[in-house]
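*Asks:* Quick one: the structure is below, questions incoming.
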There are 2 protein chains.
Amino acid sequence: MGITERKQRHKEDLRNRILEAAKKLFVQQGYEATSIRKIAKEIEFSPTTIYIYYKDKNDIIYALHQEGFNMLREKFSTLMLVENPFERLKAIGKTYIEFGRTNPEFYEVMFMMKEPMDFIGNSCMDDKWEDGEKVFGILEQTITECQTKGYFTNLPVKLVALQAWTAVHGIVSLYISQHLFKLNETLGLNYDMQVVTDQAFQLFSTYLERTK
Amino acid sequence: MGITERKQRHKEDLRNRILEAAKKLFVQQGYEATSIRKIAKEIEFSPTTIYIYYKDKNDIIYALHQEGFNMLREKFSTLMLVENPFERLKAIGKTYIEFGRTNPEFYEVMFMMKEPMDFIGNSCMDDKWEDGEKVFGILEQTITECQTKGYFTNLPVKLVALQAWTAVHGIVSLYISQHLFKLNETLGLNYDMQVVTDQAFQLFSTYLERTK
DNA sequence: TTTATTAGGTTAACACTGTTCATTACTTTT
DNA sequence: AAAAGTAATGAACAGTGTTAACCTAATAAA
């Protein structure tokens, strides 16, 4: 069955080529500007072909959502080498913010857009947000370890993790949506945006430090 | 000049009717689903008429952005009656979250979408985000007063205010984008979303309290 | 071997979208 | 009465996601 195998490979290859083309346009021009027809033109197939390999546009952006989570999880897993759990927690936060700043389109699809979340609900697969769960697990574990070092005593781990996530997300999302920049500009203190986000995170870190 | 005056009123009236129609559709169906043609049908005018009163769709959503800020500012200004600055700070946070939860479409246009921010930049008016500035001012003042009570000592007011804003925004935006809900569902602890957001905010409040 | 089936891909079309241009209908000014 | 200005419009442009119908080439069944 070498032929059917080759065909199967070819099919998977095309599915991947679609995703690569989508990613390229997506990173360059953002979600709204990435149309099915543009993706089709990029891979030199007709627009309808894409619907053979992906259910709809949300299916494609969900695939990019997953790819983004793979990127982020990889970054996080290397941080597990950091022994001190609180230092690791801070490193996770810094990495999270850095990821959002350097991959704004991916961040948007992962944490800001409703569409991928809707896709999880509508898709026939179990409507679990596994990508989110895994990354959140790393955060939970780190916070649990922090508790053994005297941080976050008498606080529910899941709650501490969730709040920490919302806190860094707030920084990143307002950075990406230009609100942080516009506010800074309006206040007349034209700081570098990298400095602003870093300082906000550092302040939050000191808040967490005081739980010890 | 009674006639020209009446005409002028009629013109302003139509501009308002467009905005009211837009708001209605917008609240009911969200931004994406609110098309110029639907607004036109609502007010029983042709789609092109709308372009006489608003530059483009971004102009309309910027008007809604402003309206949202007026709503929020009103809520905040009544909180100025709260004497204790730290209690007021907490009240501001609670009100902010409550506002986002009950007016998700407005919140989106005010703090999550890029379009209104772009409009500020492209518009001929001074590209200041005055709506944001005013609300931020209330936050700043409250934090300044908190400092006289011993909170946030040796910390820059603007930084504390900015970080507080990002923290609550993180809660609200992840609530609106369904990410918080999906994570809770996935973790199998089907809490009420109102409880989750409130608890996250309360935890953040305790962090702030420890700065005293 | 011939026929039937099926999978991959495409063309054409539907029902939309934001936006603009040329044109009409009407009012005001000259 | 003629000219200028203004509000509103119909038609069109260039796009969007998506689907039904169709074609072709390879495979499976007769």
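The values are calculated or read from the model by the stated rules, or taken from the named source; none is laboratory data. Small disclaimer: the values here were computed from a predicted structure and weren't measured. A quick note on method: Cβ atoms are made from the backbone with ideal geometry, for glycine too, and the neighbour counts reach across all protein chains shown.
*Asks:* When B:GLN178 is evaluated against the numbered criteria (1) of a type in the set (S, T, N, Q); (2) within 10 Å of chain A (Cβ to nearest Cβ); (3) touching a residue at least 40 places away in the same chain (Cβ under 8 Å), which criterion, by number, is the only one it fails?
*Replies:* With (1) of a type in the set (S, T, N, Q); (2) within 10 Å of chain A (Cβ to nearest Cβ); (3) touching a residue at least 40 places away in the same chain (Cβ under 8 Å) applied to B:GLN178, the lone miss is (3).
*Asks:* Exactly one condition in (1) more than 16 Å from DNA strand D (Cβ to nearest atom); (2) within 14 Å of another protein chain (Cβ to nearest Cβ); (3) under 28 Å from B:LEU139 (Cβ atoms) is false for B:LEU79; which is it?
*Replies:* Condition not satisfied by B:LEU79: (2).
Here's the yes/no breakdown for (1) aromatic (Phe, Trp, Tyr); (2) surrounded by 14 or more Cβ atoms within 10 Å (Cβ to Cβ); (3) more than 19 Å from the chain's Cα centre (by Cα); (4) at the interface with chain A (Cβ under 8 Å from one of its Cβ atoms):
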site: B:ASP126; (1), (2), (3), (4): no, no, yes, no
site: B:VAL196; (1), (2), (3), (4): no, yes, yes, yes
site: B:GLN199; (1), (2), (3), (4): no, yes, yes, yes
site: B:PHE204; (1), (2), (3), (4): yes, yes, yes, yes
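*Asks:* With (1) touching a residue at least 40 places away in the same chain (Cβ under 8 Å); (2) more than 23 Å from B:GLN163 (Cα to Cα); (3) more than 11 Å from every other protein chain (Cβ to nearest Cβ) as the list, and A:GLY132 as the residue in question, which single condition is left unmet?
*Replies:* The single condition A:GLY132 does not satisfy is (3).
*Asks:* Among all residue pairs at least 6 apart or on different chains, which show Cβ distances below 8 Å where the first residue, located in region A:11-28, is farther than 13 Å from A:ILE52 by Cα and the second is outside any helix (DSSP H, G or I) and within 15 Å of DNA strand C (Cβ to nearest atom)?
*Replies:* A:LEU25/A:ALA33
*Asks:* Output the residue which, of all residues in region B:23-38 that are near DNA strand C (Cβ under 8 Å from one of its atoms) and among the aliphatic types (A, V, I, L, M), is farthest from the other protein chains (Cβ to nearest Cβ).
*Replies:* Looking only at region B:23-38, we keep the residues that are near DNA strand C (Cβ under 8 Å from one of its atoms), and these are B:33-38.
Applying the additional criterion that residues be among the aliphatic types (A, V, I, L, M) yields B:33, B:36.
Numbers: B:ALA33: 12, B:ILE36: 17 Å.
If we take residues in region B:23-38 being near DNA strand C (Cβ under 8 Å from one of its atoms) and among the aliphatic types (A, V, I, L, M), then B:ILE36 is farthest from the other protein chains (Cβ to nearest Cβ).
*Asks:* Scan region B:148-163 for residues that are in a helix (DSSP H, G or I) and of a type in the set (D, E, K, R) and jot them down. Spell out how you get there, then give the answer.
*Replies:* Our first condition is that a residue be in a helix (DSSP H, G or I); within region B:148-163, this holds for B:148, B:157-163.
Result: B:LYS158, single match.
*Asks:* Also: List pairs: first residue in region B:40-54 and within 14 Å of chain A (Cβ to nearest Cβ), second residue near DNA strand D (Cβ under 7 Å from one of its atoms) anywhere in the structure, Cβ distance under 8 angstrom, at least six positions apart or on different chains.
*Replies:* none
*Asks:* Going by what's in this entry, would B:LEU183 be described as among the aliphatic types (A, V, I, L, M), surrounded by fewer than 19 Cβ atoms within 10 Å (Cβ to Cβ) and facing chain A (nearest Cβ under 7 Å)?
*Replies:* Considered against the rule, which asks whether it is among the aliphatic types (A, V, I, L, M), surrounded by fewer than 19 Cβ atoms within 10 Å (Cβ to Cβ) and facing chain A (nearest Cβ under 7 Å), B:LEU183 comes out as no.
*Asks:* Can you tell me how many residues within region A:8-47 are within 13 Å of DNA strand D (Cβ to nearest atom), of a type in the set (A, V, I, L, M) and within 22 Å of B:GLU115 (Cβ to Cβ)?
*Replies:* Matching residues across region A:8-47 total 2.
*Asks:* If you don't mind, there's one more thing I want to ask. Which of (1) touching a helix residue (DSSP H, G or I) at 6+ places or on another chain (Cβ under 9 Å); (2) away from chain B (no Cβ under 12 Å) does A:VAL109 not meet, given it meets every other one?
*Replies:* (2)
*Asks:* Could I ask something else about it? Which residue, of B:LYS41, B:LYS7, is modelled with pLDDT of 95 or more, surrounded by fewer than 16 Cβ atoms within 10 Å (Cβ to Cβ) and within 12 Å of DNA strand C (Cβ to nearest atom)? Can you show your working first?
*Replies:* Values: B:LYS7 fails: modelled with pLDDT of 95 or more.
When all the criteria are applied, what remains is B:LYS41.
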